[in-house]
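Below is one structure, written out as structure tokens; the observations come after it.
Bear in mind these aren't lab numbers, they're just calculated from the coordinates by the rules spelled out. Because the structure is predicted, anything quoted here is derived from the model rather than measured. Here the Cβ positions follow ideal geometry from the backbone for every residue, glycine too, while neighbour counts run over all protein chains shown.
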Amino acid sequence: MKLQDLGIIVTAPPAPGWGGRYWILVKLTTDSGVTGWGECYASSVGPEAMRHVIEDVFARHMQGENPENIELMFRRAYSSGFTQRPDLTVMGAFSGLEIACWDILGKDRDRPVHALIGGRMNERVRAYTYLYPLPHHDITAFWTSPEMAAEAAADCVARGYTAIKFDPAGPYTLRGGHMPAMADISQSVAFCKAIREAVGDRADLLFGTHGQFTTAGAIRLGQALEPYSPLWFEEPIPPDNVAEMARVAGAVRIPVATGERLTTKAEFAPILRAGAASILQPALGRAGGIWEMKKVAAMAEVYNAQMAPHLYAGPVEWAANIHFAVSIPNLLMAETIETPFHDQLIRGCIRVEDGFVTAPTAPGLGIDVDEDLARAHAYTGNELHLQMQEDPCNYVEGNTFAGGAPPLEE
């Protein structure tokens with residue numbers, strides 16, 4: 001059996017775009033006619049350029065190869081250009097293609113992917129969700145309203161979720177770390193207070209940030225949140241500054257989590273060695289794929305750290321996350337996004353029930369991708385999956401965050 005053909009679909013979830021502006025789905029077909037699906041997450045170049053990168057990675061490192069030889073194909077991609085170091089774009093392309101190989105192998109052997117990577121360690125996976133507006137909420141006002149957030153949190157808990165994520169702490173700017181505005185600290189505290197009062201001890205609070213603070217700013221914010229005992233403080237400073245993140249972890253009595261912007265064991269290992277985070281959040285469609293993250297999970301075991309796979313993408317990456325999560329002993333939980341489009345795209349094959357996802361039993365990733373639906377929602381723009389803000393933190397008029405991936409202003 002050899003990898004023969006590649007198909008790429010860039011599909012756009014309907015507004016308001018939970019999961020990003022678009023998802024890059026890849027379909028591999030072998031010379032024996034077995035197909036596999038994967039998803040390449042959040043490229044740092046536009047979708048058309050990324051399409052060419054995926055085609056090049058496949059043709060150069062994978063086409064004609066046995067899909068079993070994942071280690072060999074990974075080393076080819078990782079070493080390409082005489083580098084042997086992480087490359088976010090190349091590894092993003094390879095990750096989705098690698099996921100598709102596992103889907104092929106599972107289908108060929110009539111076994112779920114988790115059975116091929118260590119077996120079923122967990123009968124079900126604890127799911128968490130981001131807080132999204134309820135139908136009656138004003139979608140613009142929601143992101144700065146502790147009261148609406150508390151209402152959404154109570155709704156999530158009523159549906160069985162035991163962990164909820166939110167990030168009211170101000171702008172994500174391309175300028176790097178900033179000192180949070182006092183108003184942003186106050187708003188963050190108000191969110192934690194309102195949500196904690198709404199859910200009590202029935203759910204963990206997951207405080208999201210996106211690397212936007214200086215070390216001192218992250219410590220100020222984290223210490224202000226301590227009375228509400230969040231389960232994690234997510235990526236409080238830029239993720240490449242491991243030593244400074246370790247300073248935050250040592251100064252704040254909230255576990256630090258990070259990983260959605262990291263790729264391969266080469267970037268996760270320094271985090272563990274420095275004690276910079278005790279919860280790792282890989283995005284499998286970017287971080288090197290399923291096999292590479294199995295290695296990272298094993299390293300995390302040694303440091304008594306847990307895994308919480310990240311999802312701000314489509315349901316194919318989610319399916320990969322679930323199989324990975326089922327197979328590891330140090331699982332904390334896995335992110336999920338529930339929208340009709342996510343569900344329809346895989347024809348409801350994997351779902352959250354009472355806050356958990358049951359280990360899939362169908363062959364491969366256990367999903368039936370609706371290819372016609374994906375193509376019917378083709379993305380035709382050239383924006384990035386997510387956009388960073390250029391304006392600095394506003395210390396006078398306050399800051400707002402628009403969730404999802406809203407259209408860019410003309």
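List the relative contact order of the chain as a percent without decimals, with contacts defined as Cα pairs under 8 Å and 6+ residues apart.
In percent, rounded to a whole number, it is 24.
Please say if region 88-218 is rounded, prolate or oblate, where rounded means a/c under 1.5 for a ≥ b ≥ c the square roots of the C-alpha gyration tensor eigenvalues, and otherwise the choice is prolate for a/b larger than b/c and oblate otherwise?
On the way: a/c = 2.60, a/b = 1.56, b/c = 1.67.
Because a/c hits 1.5 or more and a/b fails to exceed b/c, region 88-218 counts as oblate.
Is the shape of region 188-327 rounded, prolate or oblate, going by the alpha carbon gyration tensor and its root eigenvalues a ≥ b ≥ c, with a/c under 1.5 for rounded and a/b larger than b/c for prolate?
In terms of gyration-tensor shape, oblate.
Considering only DSSP beta bridges whose two residues both sit in the chain, what percent are antiparallel, to the nearest 5?
Values: 19 of 41 bridges.
Roughly 45 percent of the beta bridges in the chain run antiparallel, per DSSP.
For region 17-147, what does the relative contact order come out to in percent, with C-alpha contacts under 8 Å and a separation of six or more? The partial results should precede the final answer.
On the way: 123 pairs, mean separation 36.4, N = 131.
28 percent.
So for each of 249-256, 137-144, 359-366, 164-171 I average, over its residues, the number of other beta carbons within 10 Å; can you give me the resulting order with the highest mean first?
Working: 249-256: 17.9, 137-144: 15.1, 359-366: 21.0, 164-171: 23.6.
Top to bottom by mean Cβ count within 10 Å: 164-171, 359-366, 249-256, 137-144.
Where in the chain are the DSSP H helices whose C-alpha atoms run 20 Å or more along the long axis and whose mean Kyte hydropathy is at least -0.5?
On the way: long enough: 47-61 (21 Å, -0.42); 88-109 (31 Å, 0.59); 182-199 (26 Å, 0.63).
Answer set is 47-61, 88-109, 182-199.
Let me check I've understood the local charge: for Leu205, count other residues with C-beta under 12 angstrom from its C-beta, Lys and Arg +1, Asp and Glu -1. What total comes out?
Values: positive: Lys165, Lys193, Arg196, Arg202; negative: Asp167, Glu197, Asp201, Asp204, Glu226, Glu234.
Here the charged neighbours net out to -2.
Treating the beta-carbon of each Lys and Arg as +1 and of each Asp and Glu as -1, no other charges, what is the dipole magnitude of region 220-293 about its Cα centre, to the nearest 20 debye? Don't skip to the answer; put the middle values down first.
Numbers: 7 positive and 8 negative charges, 27 e Å.
About 140 debye.
Using +1 at the Cβ of each Lys and Arg and -1 at the Cβ of each Asp and Glu in the chain, identify which of Ala154, Thr258, Ala243 lies farthest towards the dipole's positive end.
Result: Ala243, furthest along the dipole toward the positive end.
Rounded if a/c is under 1.5, else prolate if a/b is larger than b/c, else oblate: which is region 278-410, with a ≥ b ≥ c the root eigenvalues of its Cα gyration tensor? Could you put the intermediate results ahead of the total?
Values: a/c = 2.12, a/b = 1.23, b/c = 1.73.
Oblate shape, in that a/c is at least 1.5 and b/c is the bigger or equal ratio.
Among Phe268, Gly289, Asn304, flag the residue with its Cα farthest along the positive direction of the charge dipole of region 234-309, charges on Cβ as +1 for Lys/Arg and -1 for Asp/Glu.
Asn304
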